[in-house]
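Following: one structure in structure tokens, then a few remarks.
The values are calculated or read from the model by the stated rules, or taken from the named source; none is laboratory data. Predicted, not measured: the structure shown is a model, and the values here were computed from it. Quick reminder, even Gly has a Cβ in these numbers, built from the backbone with ideal geometry, and neighbours come from all protein chains shown.
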Amino acid sequence: MIAENIHKIVSNIPKNVKLIAISKTKTNHDIMKAYESGQRLFGENKIQEMSSKFEDLPKDIKWHMVGHVQSNKIKYMAPYVDLIHGIDSLKSIKIINKEGVKNNRVINCLLQLKISKEESKFGLDEKQLKEIIFSTDYKEMNNIKIKGMMAMASNTKNESTIKKEFVFAKKVFNEINSLDNNFDILSMGMSNDYQIAIECGSNMIRLGSLIFGERNY
């Protein structure tokens, strides 16, 4: 079923849109079913769980950290993480750069833009996000690369609200991308709203339940 789900999604999204399979709480067995169908990008929201899976599973898997990042845990994923999605402070950026130096690698990240009014959502406002990307502090760092941004829409069935939030994110993305074409990833869209996100210009979607089924917590 997992392989069929991936095939169905991939055959119905544009070629330029990357699919991140959100595998949090899922077993290595389930992840391998996705892997055997050709999926190589997987997302986790807990560093400890991701590190354990990194140790046990094929090394050509690219691991994405999609949860809110606690700065004291960055060191544990710094040696291998492919992309960190939800960065929302200059402090975290400095720590990631420092860990990149220690591990002799450039760590790729996305800044999180807050587009929803929900208190539970993390992120930077437009002004804060632009201040970081164009700051001298960031420009002097050699071991972190901000590759783009991610955003999470409100948890609502109101499609016009979701669309409005995604359109705003795309506007901010376009403004930065026009000045820095290395800023080229727009990660937005989850199982309940990814089609709207793609319509609004997302080129990376994060799907869990549509691939693996509902989660057991």
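Table for the structure above
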item: Enumeration of residues in segment 81-122 that are farther than 19 Å from GLU44 by Cβ, small (Gly, Ala, Ser) and free of Cβ contacts under 8 Å to residues at least 40 places away in the same chain; result: SER89, SER120
item: Positions within segment 94-118 being touching a helix residue (DSSP H, G or I) at 6+ places or on another chain (Cβ under 8 Å), of a type in the set (D, E, K, R) and modelled with pLDDT under 95, in sequence order; result: none
item: Per-region count, segment 72-126, residues aromatic (Phe, Trp, Tyr) and part of a loop (DSSP other than H, G, I, E, B); result: 2
item: Unmet criterion (only one of (1) on the phi < 0 side of the Ramachandran plot; (2) in contact with a Lys or Arg (Cβ under 8 Å, 6 or more places away or on another chain)) for THR25; result: (1)
item: Single residue of segment 1-46 satisfying the filter (basic (Lys, Arg) and over 18 Å from ASN203 (Cβ atoms)) that is surrounded by the most Cβ atoms within 10 Å (Cβ to Cβ); result: LYS26
item: Output for segment 135-161, where each listed residue is in a loop (DSSP other than H, G, I, E, B) and either in contact (Cβ under 8 Å) with a residue 24 or more places away in the chain or under 21 Å from the mean Cα position of the chain (by Cα) (or both); result: SER135, MET141, ASN142, ASN143, MET152, ALA153, SER154, ASN155, THR156
item: For GLU131: the one exception among (1) part of a helix (DSSP H, G or I); (2) within 25 Å of PHE42 (Cβ to Cβ); result: (2)
